[in-house]
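J.: Here's a structure for you.
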Amino acid sequence: MPKSDLTISLNEVLFYFTRAGFGVKAPIGVSEDFARSNIWAAQNGFDPSECSILALDNLDLKKSSLSIKFEKNSESSHLFCTEEKVLSSLEASVSCVDWIEFNGLDGELKISNVDCPFLIIASLGASQCSGVKASWTDQDNNSFEVNFIDDVKWEMISSSEASIELSHYADVYISSLDAVKSKIQNGNNKIFNLENEKLKVLNNGVKVGEKWPEIYEYFSRCLVKSSAESRASGAGAGLVDTD
């Protein structure tokens, strides 16, 4: 199934992306959360392979790290990589949701030098966070703001026509929706309704484009290569229906 321009199901998103995360040696729990985030992205009309390939590539090439540390002072909280690398959005997204669940929306959270900010957004959405604001300015000086109005409706404001899923390398700020006013003046505004978008996906499936073969490559690392030894240990399908 390595071709591009395929249509897959949401269950296949969960199946392939969990194993793609595991293929770059992310822990299984982080990989499962990564896949659920990609389901949310797909439900909102985004190509999950486009959203995720850079994060997987960075881990595979050791340009990013899952190593993360949390610090807090009287005014704000901070998540950052403990190594001299970019912070992987696979780990940053999980830690961000954990911070909200533990702290509520008390104060602001800064997540430093994240490779793929949209995966944090997808994780917040998949976790049904509401009343949350996320904002950042990326390496290309494109600014984005996402407001989770409730667990169904969310708003994206951007300073340019750049695609939010292709926004890379930024400090991401998380706060209560009412705590900070928008810093983007006269920006592009779009409202998403998850229920409407989800229905389209259920009817039409999830379209994956040119990055899909690379996702499949990471997935395929979890496959057991066929050999006499692997078959003897139970790998692969049976020879008859009753095996």
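J.: Does region 60-105 hold any residues that are within 16 Å of the chain's Cα centre (by Cα), aliphatic (A, V, I, L, M) and either surrounded by fewer than 18 Cβ atoms within 10 Å (Cβ to Cβ) or closer than 18 Å to Ser176 by Cβ (or both), and which are they?
T.: Selection gives Val97 alone.
J.: Return the residue satisfying two criteria in turn: it lies in region 22-45 and is surrounded by 19 or more Cβ atoms within 10 Å (Cβ to Cβ) and over 11 Å from the mean Cα position of the chain (by Cα), and of such residues it is nearest to Phe219 (Cα to Cα).
T.: Gly23
J.: Given Ser159, Ser167, which one is over 22 Å from Lys198 (Cα atoms), surrounded by fewer than 19 Cβ atoms within 10 Å (Cβ to Cβ) and among the hydroxyl-bearing types (Ser, Thr, Tyr)? Lay out the reasoning, then the answer.
T.: Values: Ser167 fails: surrounded by fewer than 19 Cβ atoms within 10 Å (Cβ to Cβ).
It is Ser159.
J.: Looking at region 12-28, I want the residues that are at negative phi and have a partner that is assigned to a loop (DSSP other than H, G, I, E, B) and of a type in the set (A, V, I, L, M) with Cβ atoms under 7 Å, at least 6 apart or on another chain. Which pairs are those?
T.: Matching pairs, first to second residue: Ala26/Leu66.
J.: Here are Glu50, Glu71, Glu101: which of them is touching a His at 6+ places or on another chain (Cβ under 8 Å) and either not basic (Lys, Arg) or not in a helix (DSSP H, G or I) (or both)? Full working, then the answer.
T.: Working: Glu50 fails: touching a His at 6+ places or on another chain (Cβ under 8 Å); Glu101 fails: touching a His at 6+ places or on another chain (Cβ under 8 Å).
On inspection, the qualifying residue turns out to be Glu71.
J.: Listed residues Val208, Val172; which is touching a Pro at 6+ places or on another chain (Cβ under 6 Å) and under 28 Å from Leu87 (Cα atoms)? Can you show your working first?
T.: Values: Val208 fails: touching a Pro at 6+ places or on another chain (Cβ under 6 Å).
Checking each option against the conditions leaves just Val172.
J.: Related question: Give the number of residues within region 46-59 that are within 19 Å of Arg221 (Cβ to Cβ) and either touching a residue at least 60 places away in the same chain (Cβ under 8 Å) or more than 14 Å from the chain's Cα centre (by Cα) (or both).
T.: As a first pass, look at region 46-59 and keep what is within 19 Å of Arg221 (Cβ to Cβ): 48-49, 52-59.
If we keep only those that are either touching a residue at least 60 places away in the same chain (Cβ under 8 Å) or more than 14 Å from the chain's Cα centre (by Cα) (or both) as well, we get 48-49, 52-57.
The qualifying residues number 8.
J.: Regarding region 39-50, can at least one residue be identified that is modelled with pLDDT of 95 or more and at positive phi?
T.: No, region 39-50 contains no residue that is modelled with pLDDT of 95 or more and at positive phi.
J.: When you scan region 162-179, do you find a residue that is more than 21 Å from the chain's Cα centre (by Cα), farther than 10 Å from Pro117 by Cβ and without any contact (Cβ under 8 Å) to a residue 40 or more places away in the chain, even just one?
T.: Scanning region 162-179, I find no residue that is more than 21 Å from the chain's Cα centre (by Cα), farther than 10 Å from Pro117 by Cβ and without any contact (Cβ under 8 Å) to a residue 40 or more places away in the chain, so the answer is no.
J.: Inspect all residues belonging to region 61-69 and state whether any of them is modelled with pLDDT of 95 or more, touching a Phe, Trp or Tyr at 6+ places or on another chain (Cβ under 8 Å), farther than 22 Å from Leu199 by Cβ and not small (Gly, Ala, Ser). It would help to see each step written out before you state the result.
T.: Going residue by residue through region 61-69, those that are modelled with pLDDT of 95 or more are 61-69.
In the following step, the residues that additionally are touching a Phe, Trp or Tyr at 6+ places or on another chain (Cβ under 8 Å) were identified as 68-69.
From what is left, the residues that are farther than 22 Å from Leu199 by Cβ are 68-69.
Then drop every residue that is not not small (Gly, Ala, Ser), which leaves 68-69.
Yes, region 61-69 contains at least one residue that is modelled with pLDDT of 95 or more, touching a Phe, Trp or Tyr at 6+ places or on another chain (Cβ under 8 Å), farther than 22 Å from Leu199 by Cβ and not small (Gly, Ala, Ser).
The values are calculated or read from the model by the stated rules, or taken from the named source; none is laboratory data. Here the structure is a predicted model, which is why all the values come from computation and not from measurement. No Cβ is skipped: glycine too gets one built from the backbone with ideal geometry, and neighbour counts run over all protein chains shown.
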